[in-house]
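Take a look at the structure set out below.
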Amino acid sequence: MRNERKFYIDGQWVDPLKPNDLEVINPATEKPIGVIAMGTAADIDRAVAAAKRAFATYSQTSVEERLALLEKLLEIYKRRYEEMARTITAELGAPITMSTEQQADVGVGHLQGFIDALKRLKTREVLPNGDVVRREPIGVCGLITPWNWPINQIVLKVVPALATGSTCVLKPSEFTPLNAILYAEMVHEAGFPAGTFNLVNGDGLECGAALSRHRYVDMMSFTGSTRAGIAVSKDAAETVKRVTLELGGKSPNVVFADSDLEEGVADGVAQCFNNSGQSCDAPTRMLVERSAYDKALEIAERAGRQAEVGNPEEEGTHIGPLVSHIQFGRVQALIEAGVAEGARLLVGGPGKPEGFETGYFAKPTIFADVNNDMRIAREEVFGPVLSIIPFDTEEQAIAIANDTAYGLAAYVQTGDPDRADRVASRLRAGMVHINGAPHRYGSPFGGYKQSGNGREGGIFGLEDFLEIKTVHHPARM
């Protein structure tokens, strides 16, 4: 059992002002692996005060000084890489192969992307009319991160804040706090000045709301559910601070008959099940052209039956458990709703896989003959559940794809490059993947509609943490 009851505030590990312990549970074993303290609004006050003091001097540092700190952080992260992967496996349940190749890798890729972007960033430019535009750090940033891709979201928020000369207070998810504590150790070792980065554990109702409402917090960056993002926005509105949100998704995967069905459908199933389906941009609605529908169902069923659930501590391509008993219950309720509403079950279904009575394991599940009005087609399941929907024409496919409150990602499978561009241009989503193309480090990540606002990663991620100042010089100065 790890004792992680301290918070990182003003460059030191300090005790909470009020004892309130929470056990960190391994979702594969349902046993505690550590204990953290849950903070209060008073702890948030301490952290914000430290960040505010630090901003006065840190905001005046040069790009070169900050680049040196980021390079040092990258060096430290690479040295402790395996420790990060093991930590995420223990608290999230991501299989160790996936943690090593994906979950931990983002800590390197995104950080390098920000370093490259900072080298290109223009902090001062002269407009054609002679006025000068300056890009300056926004101030104290409140950062709230989720449990599903924990270090991914921490890096996408902490690094651009520090890279631009802002300071920050991080509140990670209480379900996966240990990787955040490890990252705090790395930031400390890298030598960032005291108060520039602060960490307080806690829940959204207490600590998250205290950050969002705080009068000395200049910006909130939140990743999580749309419901919670709305709450953050309302709390932040009182002080008119900037809010960036990366929220839910119900991403369509449009499969045309002229695509490579074997590769595209199987890859779509694998991407939906990756991370146990706990990804906001997962392609959870597979829209298949009617003439290829039966063949696609055969491929999907075969791929679904080949998907295995396994022990996260073991190497392999299997999937692990869901993060918590709460998440397990939500996923089971939606699987049961799919059955009740008449969707045809191809693979999986309610309950736990055989042999996995302990742990929050769900069966990889595929529904066929889904219509876009069903709950499983409209609500974010956030588990290994795929809904397959037929369509007849390109126009109908676009209409179904866009018929969602979300707009984070979309996927298109076609052998026609013109169709790929045409359809991509009409999909209301922040990111469109053509024929399995991956998201690359340095590219903007974010969505339309109720999937949020703002973008993370690379130069676009830095810009969200910058204010624009126009300096008007007299004509002859």
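The values are calculated or read from the model by the stated rules, or taken from the named source; none is laboratory data. The structure displayed is predicted, hence computed values, not measured ones. Using ideal geometry, Cβ is built from the backbone for each residue, glycine included, and neighbour counts are taken over all protein chains shown.
Within segment 261-276, how many residues are among the acidic types (Asp, Glu) and buried (at least 24 other Cβ atoms within 10 Å of the Cβ)? Talk me through it step by step, then tell me what you get.
Here is the first cut: in segment 261-276, the ones among the acidic types (Asp, Glu) are 262-263, 267.
Next cut, buried (at least 24 other Cβ atoms within 10 Å of the Cβ) only: none.
Residues that pass the stated criteria total 0.
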Review point. Counting residues that are assigned by TED's automatic domain parsing to the domain that holds Leu118, touching a residue at least 12 places away in the same chain (Cβ under 8 Å) and hydrophobic (A, V, I, L, M, F, W, C), which strands (runs of 3 or more DSSP E) fully inside segment 1-67 reach at least 2?
Key: 7-9, 21-26, 31-37
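Going by the structure shown, is Leu162 within 19 Å of Asp43 (Cβ to Cβ), at pLDDT 95 or above, assigned by TED's automatic domain parsing to the domain that holds Leu67 and in contact with a Ser or Thr (Cβ under 9 Å, 6 or more places away or on another chain)?
Spelling it out, it is not the case that Leu162 is within 19 Å of Asp43 (Cβ to Cβ), at pLDDT 95 or above, assigned by TED's automatic domain parsing to the domain that holds Leu67 and in contact with a Ser or Thr (Cβ under 9 Å, 6 or more places away or on another chain).
If only one of Gly383, Gly452, Gly415, Gly430 is touching a residue at least 60 places away in the same chain (Cβ under 8 Å) and within 25 Å of Phe114 (Cα to Cα), which one is it?
Working: Gly383 fails: within 25 Å of Phe114 (Cα to Cα); Gly415 fails: within 25 Å of Phe114 (Cα to Cα); Gly430 fails: touching a residue at least 60 places away in the same chain (Cβ under 8 Å).
That would be Gly452, the only listed residue that is touching a residue at least 60 places away in the same chain (Cβ under 8 Å) and within 25 Å of Phe114 (Cα to Cα).
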**Study point:** Every pair of residues 6+ apart whose Cβ atoms lie under 8 Å, when the first sits in segment 209-224 and is on the phi < 0 side of the Ramachandran plot and modelled with pLDDT of 95 or more while the second is of a type in the set (Lys, Arg) and not in a loop (DSSP other than H, G, I, E, B)
**Key:** Leu211/Lys171; Tyr216/Lys52; Asp218/Arg242; Met219/Arg242; Met220/Arg242; Ser221/Lys157; Thr223/Lys157
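Could you check segment 274-316 and list, in sequence order, the residues that are assigned to a loop (DSSP other than H, G, I, E, B) and of a type in the set (Asp, Glu)? Outline the logic, then answer.
Just the residues of segment 274-316 that are assigned to a loop (DSSP other than H, G, I, E, B), to begin with: 278-284, 307-308, 310-316.
Selection gives Asp281, Glu308, Glu313, Glu314, Glu315.
Go through Ala257, Ala266, Ala292, Ala270 for me and flag whichever is over 16 Å from Leu408 (Cβ atoms), under 19 Å from the mean Cα position of the chain (by Cα) and free of Cβ contacts under 8 Å to residues at least 60 places away in the same chain.
Details: Ala257 fails: under 19 Å from the mean Cα position of the chain (by Cα); Ala266 fails: under 19 Å from the mean Cα position of the chain (by Cα); Ala292 fails: under 19 Å from the mean Cα position of the chain (by Cα).
The match here is Ala270.
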Review point. With respect to the numbered conditions (1) without any contact (Cβ under 8 Å) to a residue 60 or more places away in the chain; (2) in contact with a strand residue (DSSP E or B) (Cβ under 9 Å, 6 or more places away or on another chain); (3) not in a helix (DSSP H, G or I), which one is the sole condition not fulfilled by Val339?
Key: (3)
Practice item. Tell me which of these Leu73 doesn't satisfy, since it passes every other one: (1) aliphatic (A, V, I, L, M); (2) in a helix (DSSP H, G or I); (3) surrounded by 14 or more Cβ atoms within 10 Å (Cβ to Cβ); (4) in contact with a Lys or Arg (Cβ under 9 Å, 6 or more places away or on another chain). Key: (4)
**Study point:** Glu238 vs. criteria over 21 Å from the mean Cα position of the chain (by Cα) and without any contact (Cβ under 8 Å) to a residue 60 or more places away in the chain
**Key:** yes
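Of all residues in segment 192-207, which are surrounded by fewer than 24 Cβ atoms within 10 Å (Cβ to Cβ) and within 23 Å of Ser62 (Cβ to Cβ)? Break it down stepwise before answering.
From segment 192-207, those surrounded by fewer than 24 Cβ atoms within 10 Å (Cβ to Cβ) are 192-194, 203-206; that's our starting set.
If the condition is that a residue be surrounded by fewer than 24 Cβ atoms within 10 Å (Cβ to Cβ) and within 23 Å of Ser62 (Cβ to Cβ), then Phe192, Pro193, Ala194 are the ones that fit.
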Review point. Being over 17 Å from the mean Cα position of the chain (by Cα), touching a residue at least 40 places away in the same chain (Cβ under 8 Å), assigned by TED's automatic domain parsing to the domain that holds Leu143 and closer than 30 Å to Gly407 by Cβ, is that true of even one residue in segment 194-201?
Key: no
Revision key, fill the gap. Within segment 370-386, the count of residues that are out of contact with any helix residue (DSSP H, G or I) (no Cβ under 9 Å at 6 or more places or on another chain) and part of a loop (DSSP other than H, G, I, E, B) comes to 1
**Study point:** Selection from segment 1-52 of residues that are more than 13 Å from Gly202 (Cα to Cα) and basic (Lys, Arg)
**Key:** Arg2, Lys31, Arg46, Lys52
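Residue by residue, here is whether (1) touching a Cys at 6+ places or on another chain (Cβ under 8 Å); (2) of a type outside the set (Lys, Arg); (3) more than 20 Å from Leu287 (Cβ to Cβ); (4) at pLDDT below 95 holds:
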site	(1), (2), (3), (4)
Glu301	no, yes, no, no
Arg305	no, no, yes, no
Asn311	no, yes, yes, no
Thr317	no, yes, yes, no
Ala340	no, yes, yes, no
Asn402	no, yes, no, no
Practice item. Return a yes/no flag: does segment 324-337 have any residue that is in contact with a Leu (Cβ under 9 Å, 6 or more places away or on another chain) and among the charged types (D, E, K, R). Key: yes
Practice item. Might you let me know whether segment 359-368 holds any residue that is among the hydrophobic types (A, V, I, L, M, F, W, C) and surrounded by fewer than 22 Cβ atoms within 10 Å (Cβ to Cβ)? Key: no
**Study point:** Hits in segment 348-383 - residues which are closer than 26 Å to Thr414 by Cβ and either of a type in the set (Ser, Thr, Tyr) or in contact with a Ser or Thr (Cβ under 6 Å, 6 or more places away or on another chain) (or both)
**Key:** Phe367, Val370, Ile376, Ala377
